[in-house]
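Asks: First the structure, then my questions, so here it is.
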Amino acid sequence: DDSNFADLLPNEGIVDTLRIALDEATQLAGGAANGQDRLERAGDLLGRLEILIDLEHAVRGTDVAKLVEALTVALDRNVHPACVERGNARREQLNAEQTLREELDTRDVDRLEEVLKRAREAHVRSDIVGKAQHRVNQLRGSEDLEGALHSTSPDEIAAAIRSAKQSNVSSDLLDKAAGRRVYLLAQQALREVAEGDNVEDLQQAILEAERVKCPAEEVARARKRKVELEALRRLQAVMSGNDEEILEREVNLAREAGVHDSHLETADLKIQQLKAIKGSRKSVH
């Protein structure tokens with residue numbers, strides 16, 4: 001049965017022995033019709049065995065051209081379909097492996113995944129499969145990280161960076177993503193601190209925002225807010241005193257700085273009270 005031809009490979013010496021025996025038998029048989037017919041059948045068997053062994057050698061090798069040649073000969077001699085099927089499967093396997101090697105450096109991740117899928121379906125066992133999967137993971141990780149660069153969420157970018165590191169994404173892209181995250185955190189901190197009333201925190205947020213080059217208009221608004229808070233702080237510091245001129249000066253500065261009227265009303269009222277007291281003292285004297 002040709003379908004079990006792989007079992008013949010360890011016994012190639014048998015073929016050589018048969019060939020010698022066939023030559024000797026041909027010489028002894030002379031022209032006898034009976035013997036000649038048997039010898040022809042034996043010769044055909046020997047030829048088929050040689051074809052099968054050549055095919056098995058090609059199947060176990062890596063030369064696609066030799067395999068195609070061996071398959072062509074096997075088809076011409078009508079060997080068992082299972083033998084041809086085995087040869088064709090190996091040919092597909094070698095072609096799939098070669099295509100995978102050729103596409104390994106591509107940046108087209110969809111194409112690489114398609115070629116990798118075909119290689120696996122062809123049962124490619126080479127280490128190129130692992131390398132290709134590594135490359136797919138790297139490209140997908142880069143793709144996801146590049147997409148995350150458009151996010152305005154520091155948390156989303158942080159998650160993408162963690163995932164990308166596992167996929168061995170290039171350090172340049174990781175640095176770019178990390179820089180984007182720092183930028184967003186600085187911008188977020190600037191906005192949040194500007195809503196509060198802590199001058200020192202706001203100053204630090206402004207410095208960090210300038211370092212990472214946040215929009216100039218946002219930094220300008222934060223600086224304006226800082227001037228306002230500083231004016232309010234100075235005003236609050238003199239509210240406990242009774243110096244009308246100092247208080248009035250700080251109220252004017254606070255008003256120019258944009259301090260809300262709700263903070264100025266108490267100071268204005270106190271100025272009026274101090275003026276009234278000063279006026280009553282003059283009238284007494």
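The values are calculated or read from the model by the stated rules, or taken from the named source; none is laboratory data. Here the structure is a predicted model, which means the values were calculated and not measured. Cβ placement follows ideal geometry from the backbone for every residue including glycine, while neighbour counts extend to all protein chains displayed. To get the accessible areas, we keep the full protein, side chains included, count just its heavy atoms, and leave off ligands, DNA and RNA. Shrake-Rupley method; radii C 1.70, N 1.55, O 1.52, S 1.80 Å.
Asks: Restricting attention to the range 82-96, and to residues there that are within 16 Å of Asp63 (Cβ to Cβ) and open to solvent by less than 30 Å² (accessible area, probe 1.4 Å), which single residue is nearest to the chain's Cα centre (by Cα)?
Replies: Ala96
Asks: Can you confirm whether the range 162-183 contains a residue that is free of Cβ contacts under 8 Å to residues at least 40 places away in the same chain, over 31 Å from the mean Cα position of the chain (by Cα), closer than 30 Å to Glu146 by Cβ and loosely packed, with under 13 Cβ neighbours inside 10 Å?
Replies: No - not one qualifying residue is present in the range 162-183.
Asks: Which condition number in (1) within 23 Å of Pro154 (Cβ to Cβ); (2) surrounded by 13 or more Cβ atoms within 10 Å (Cβ to Cβ); (3) of a type in the set (A, V, I, L, M) is the one that Leu235 fails?
Replies: All conditions are met except number (1).
Asks: Those residues that are closer than 17 Å to Glu228 by Cβ, part of a helix (DSSP H, G or I) and in contact with a helix residue (DSSP H, G or I) (Cβ under 7 Å, 6 or more places away or on another chain), I need them from the range 242-267; list them, please.
Replies: If the condition is that a residue be closer than 17 Å to Glu228 by Cβ, part of a helix (DSSP H, G or I) and in contact with a helix residue (DSSP H, G or I) (Cβ under 7 Å, 6 or more places away or on another chain), then Glu250, Val251, Leu253, Ala254, Arg255, His263, Leu264, Ala267 are the ones that fit.
Asks: Check Glu102 against each of (1) within 20 Å of Ala122 (Cβ to Cβ); (2) open to solvent by 40 Å² or more (accessible area, probe 1.4 Å); (3) not in a helix (DSSP H, G or I) and name the one condition it does not meet.
Replies: Looking at each condition in turn, Glu102 falls short on (3).
Asks: From the list Gly147, Gly141, exactly one residue is open to solvent by 20 Å² or more (accessible area, probe 1.4 Å) and not in a loop (DSSP other than H, G, I, E, B). Which is it?
Replies: Of Gly147, Gly141, the one residue that is open to solvent by 20 Å² or more (accessible area, probe 1.4 Å) and not in a loop (DSSP other than H, G, I, E, B) is Gly147.
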